[in-house]
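The values are calculated or read from the model by the stated rules, or taken from the named source; none is laboratory data. What you see is a predicted model; the values in this text were computed from it and never measured. Every residue, glycine as well, gets a Cβ built from its backbone with ideal geometry; the counts of neighbours run over all protein chains shown.
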Amino acid sequence: MSEKEKYYGYAGTILRVNLTQKKISKEPFPREWMKKYIGGETVGAKIFYDEVPPEAPALSPENKVILSMGPLVGTLAPGSGRTTLTTKSPVTDMYSDSNVGGQWGAEMKHAGYDHLIIEGASEKPVYLWIDDDTVEIRDAEHLWGTTTWQTDDSIKSELGDGTIQVACIGPAGENLSSAACFIINRARACGRMGLGAVVGSKKLKAVAVRGTRGIQIAHPEKFIKECRKLFDKILNDGMYKMISTGSLNIADLPWPGTPSKTEPLMRYAHSSEHVIDTYDEISCKNVKEKVWDRDLACFNCPIHCGNWSTIKEGPWKGEKGEGFELNIQENCTYMDICDDVWFLPKYNFLCNQLGLGVDEAALPIAFGMLLFEKGILTEEDTGGIKFEWGDKETALKLMKMIAYREGFGDVMADGTRKMARRIGPDAEYWSKNIKGGEAIADFRLTYEITLAEAVSPRGACHLKGLSLYSVHAQNMNYLSQDYRDQLQKIYKSPAPLTLFDNKWAPYVTRYMIHLMSAVDSLGICAFGSHYMLFHAIMLEDLPELIEAATGIPFTIAELEECGDRARIIQRSFNHLLGLDIKDDWPPAHTFDTPLEFEVRGQKMALTLDRKIYEETLTEFYKICGYDEKTGVPTRQTLEKLGLENIADDLKKHGVLPE
Ligand code: SF4
């Protein structure tokens, strides 16, 4: 291969597998995409936009599953084992993606692939076996019906290599439950928005991979130096100690305006009657002491936020597996199941085995508990099942019913928006969703949390532009005034960063969209960035690193443009399906029903203000180059970003304002 033909950072190949035709093909990774879309998430979004018709049903053969690894995946860059799965979601019926860690993505790069496109659908269950250049579609009838852990064991045993990396679905994906995820390395999940159901609809049980090649780096010495810089930044961050022993630590911190710990951020109920007084049992401190045995890391990650857990007491004694992060704990508080530390690993293991999203399982259950309390849902509707706060046995039973779409589990399996629509308008009012995607944090706490979750293209999401600024600012006196001033400049905010003010929310959200898009496109973990470690990887750390790896020069402005492109491609797909400004608004109850709690004896009641939210959203649209009345990108913005094809599509569909 001549010097000109060589790829640096990139493997250089897109692997395409058509399951209908049983056809496997390989395409060169287009060089012109490198500068315009980088890789990973953004290239996944581009392929998806170009190849999937918006009207294709999520569970039809016309939908595609695109697994994307960025140019830093599988290299020495910290946390560089990330993969993005892009597809149309059966929960939101719109664009969706999910980013995951583990070892699988790095193995794919080492096998020689930047992207895997899975199209069509098989008639019978199959799995893919990728062994460097050799790619086979294999029979998986014997694996259908097994859990993800059994599938992982069986494939390794039949291929005679315990080091093979396996990504697969469990019974939830097979049964087309919209709560299903795609599980990587037994415990890492492409979760949210039912992506595992799309894989299941293709009768694809698993993708197993062995990669034995290296990745060419353009300037190895410089790259090692840049990687060292980032490792140092991560290891010296004030939050490192906390995150490196699990994201659960975050829940032990007071959140903006909250009295202590998870209250009231993490409860689904809306009145102070549901104050959780047993939180200490499931606090990070208690989990660490009792449940966790040792830390675990994804590929080349210095943070090692994962862990190995064993249930040492009670009815599930002896069960063990990879541990859990913040969401498990949050979900237990939503269901008010906080009196038993052993429930956390049990619920986590069960979800992983069934291939069920931990949020997608717990939030409909918490929602059902709330509706029961309000008398909107009764045993008559649920086939005799009574929902009660804190009932762990029923929660575990319901998780299985959601995975297998059994009984009332079939109603719950489509997420709270569709569940509420089947129950009635009173139920819909209480669902904590945006665009059909479940929200984790309560919107009523700060405007930057609300805005970031509301404008996320995949439905409410804390990983698509949310800043933890308010949490950091409130805790530990962590942010000096000097640093706040610096941040104001970095975020390009005209307003100073003060707690509970909406003025800077559009600017921090835009910065975080650029940053999250860059890390997800490069294939490094967001936990090592300014998202979680406030002084760690920021946009300005990336151009030198990218050039050292790929040989392609980048500026911060070009990275920002890539982030804008990614977001616009994702939103535009949704606009073609009718997404409009009302889809960027939080649910009505957040304006009309207060979130009540007590701080040091003083009663608090938070609601959002419609006028302030409208002002925040309009400013966000303005600085992003979207039409302020519709939220659709203007032709000028699209042309500036070289997305004329999207401008033409939007025009053809009558959604682009002239
Ligand atoms: S920070 Fe945690 S999730 Fe991210 S790559 Fe490291 S171990 Fe994996």
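In table form, for the structure just shown:
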item	result
Among (1) surrounded by 21 or more Cβ atoms within 10 Å (Cβ to Cβ); (2) of a type in the set (A, V, I, L, M); (3) modelled with pLDDT of 80 or more - the single one Ala297 does not satisfy	(1)
Residue within region 584-595 that is in contact with a Gly (Cβ under 6 Å, 6 or more places away or on another chain), of a type outside the set (A, V, I, L, M) and either more than 17 Å from Trp33 (Cα to Cα) or not assigned by TED's automatic domain parsing to the domain that holds Tyr469 (or both) present	yes
Residue in region 511-552 that is nearest to the ligand (Cβ to nearest atom), counting only those that are part of a helix (DSSP H, G or I) and of a type in the set (Val, Ile, Thr)	Val519
Condition broken by Val135, with the remaining ones in (1) farther than 15 Å from Val199 by Cα; (2) not in a strand (DSSP E or B); (3) not acidic (Asp, Glu) satisfied	(2)
Residue satisfying condition, being within 26 Å of the chain's Cα centre (by Cα) and either surrounded by fewer than 22 Cβ atoms within 10 Å (Cβ to Cβ) or assigned to a helix (DSSP H, G or I) (or both), within set Leu656, Leu559	Leu559
Residue check for Ile276: in contact with an Asp or Glu (Cβ under 9 Å, 6 or more places away or on another chain), at pLDDT 70 or above, away from the ligand (no atom under 16 Å from the Cβ) and among the aliphatic types (A, V, I, L, M)	no
Where a residue in region 145-158 is within 18 Å of Gly357 (Cα to Cα) and assigned by TED's automatic domain parsing to the domain that holds Gly200 and its partner, wherever it lies, is at pLDDT 95 or above and of a type in the set (Phe, Trp, Tyr), with Cβ under 9 Å and at least six apart	Trp149/Phe349; Thr151/Tyr127
Of residues in region 486-495 being touching a Phe, Trp or Tyr at 6+ places or on another chain (Cβ under 7 Å) and part of a loop (DSSP other than H, G, I, E, B), the one nearest to the ligand (Cβ to nearest atom)	Tyr491
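Listed here are the residues, each with its yes/no results for (1) under 21 Å from the mean Cα position of the chain (by Cα); (2) near the ligand (Cβ under 10 Å from one of its atoms).
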residue	(1), (2)
Cys301	yes, yes
Trp308	no, no
Trp316	no, no
Gln329	yes, no
Asp340	no, no
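Every residue, every condition in (1) away from the ligand (no atom under 16 Å from the Cβ); (2) of a type in the set (Phe, Trp, Tyr); (3) crowded, with 24+ Cβ neighbours inside 10 Å; (4) assigned to a loop (DSSP other than H, G, I, E, B), yes or no:
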position: Gly79; (1), (2), (3), (4): no, no, yes, yes
position: Thr84; (1), (2), (3), (4): no, no, yes, no
position: Ser96; (1), (2), (3), (4): yes, no, yes, no
position: Asn99; (1), (2), (3), (4): no, no, yes, no
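A quick yes/no check of all residues on (1) modelled with pLDDT under 90; (2) within 16 Å of the ligand (Cβ to nearest atom); (3) closer than 30 Å to Pro171 by Cα:
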site	(1), (2), (3)
Ala197	no, no, yes
Ile215	no, no, no
Leu230	no, yes, no
Leu253	yes, no, no
Asp280	yes, no, no
Glu289	no, no, no
Trp292	no, yes, yes
